[in-house]
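A.B. asks: Can you read through this structure? Questions will come right after.
The values are calculated or read from the model by the stated rules, or taken from the named source; none is laboratory data. Only a predicted model underlies this, so the values are computations on that prediction, with no experimental measurement involved. Cβ coordinates were reconstructed from backbone atoms using ideal geometry, including for glycine residues, and neighbour counts include every protein chain displayed. Just the protein is used for accessible areas: all its heavy atoms, side chains included, with ligands, DNA and RNA removed. Shrake-Rupley method; radii C 1.70, N 1.55, O 1.52, S 1.80 Å.
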Amino acid sequence: MTMADETKLKIVIFGAFGAGKSTLIKTLDPESKHIEANCAGGTTTVALDFGRVQNNCCRIHIYGTPGQERFDFAREIIAKGMDGAILLVDVTSPLDQFTRHLSDSLHSAKVPFMVFLNKCGQ
Ligand SMILES: Nc1nc2c(ncn2[C@@H]2O[C@H](COP(=O)(O)OP(=O)(O)OP(=O)(O)O)[C@@H](O)[C@H]2O)c(=O)[nH]1
Ligand SMILES: [Mg+2]
């Protein structure tokens, strides 16, 4: 099998502000790239995250979205052409309207997605 035959997948990670999207991508790909700004207590994504994971049969490109609601336009651009999505939910705070909105949008887009519950150890 050549590189050209290899399946390529675009997976996009969504979730509310601070859910842990960028951290997940850093864990999956320590060489991933992140466009972030400093904010109270840490950093926040202001454009996107990008990481790569390779397994036997496919090359997976993982994109992280910004969690701040005002970056709707960025999420729309990043989502184009996605093969699947992950909705990351921080279980340490009550389920918010924005996370519901993201879930509804993914249902409407008819894209396969999984929900990951994060920060379960806290
Ligand atoms: N306890 C715990 N903390 C986590 C976990 N994942 C992320 N965090 C912390 O949660 C905070 C936010 O993490 P980020 O990965 O920046 O979250 P994000 O979803 O990318 O945030 P935005 O880009 O601002 O939407 C940081 O302080 C992380 O260290 C986790 O699995 N467990
Ligand atoms: Mg982030």
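A.B. asks: Using all alpha carbons of segment 3-118, what is the percent of pairwise distances in each 5 Å bin, ordered from the shortest bin to the longest?
C.D. replies: 2, 11, 23, 25, 20, 11, 5, 2, 1, 0
A.B. asks: Among the listed pairs 33/110; 8/80; 80/110, which are separated by more than 19 Å between their Cα atoms? Could the numbers behind the result be given before it?
C.D. replies: On the way: 33/110 28 Å; 8/80 15 Å; 80/110 13 Å.
Pairs exceeding 19 Å: 33/110.
A.B. asks: Just the accessible area per residue of the chain, please: how many Å² with a 1.4 Å probe? Display every interim value, and only then the final one.
C.D. replies: Numbers: 7440 Å² over 122 residues.
Normalised by residue count, the accessible surface of the chain is 61 Å².
A.B. asks: Cross-link candidates for residue 21: which aspartates and glutamates have Cα within less than 17 Å, leaving aside residues fewer than 8 places away along the same chain?
C.D. replies: 29, 31, 36, 49, 69, 72, 76, 90, 96
A.B. asks: How many nm separate the modelled label positions at residue 54 and residue 73, each set 7 Å beyond the Cα in the direction of the Cβ?
C.D. replies: Roughly 3.7 nm, to one decimal.
A.B. asks: If you keep only loop residues by DSSP, which trypsin sites (Lys or Arg not before Pro) in segment 31-122 have at most 13 other Cβ atoms within 10 Å of their Cβ? Could the numbers behind the result be given before it?
C.D. replies: Details: sites: 33, 52, 59, 70, 75, 80, 100, 110, 119; in loops: 80, 110, 119.
Of the trypsin sites (Lys or Arg not before Pro), the ones in loops of segment 31-122 whose Cβ has at most 13 other Cβ atoms within 10 Å are 80, 110.
A.B. asks: Taking all protein chains as present, what is the carbon and sulfur share of the accessible area of the chain, in % to the nearest whole number, probe 1.4 Å? Can you show the working numbers first?
C.D. replies: Details: 4230 of 7440 Å².
Heavy-atom surface of the chain belonging to carbon and sulfur, 1.4 Å probe: 57 percent.
A.B. asks: Shifting gears a bit: Work out the FRET efficiency for residue 107 and residue 38 from their Cβ-Cβ distance, taking R0 = 25 Å, and round it to the nearest 0.05.
C.D. replies: On the way: r = 34 Å, r/R0 = 1.37.
The pair residue 107/residue 38 has a calculated efficiency of 0.15.
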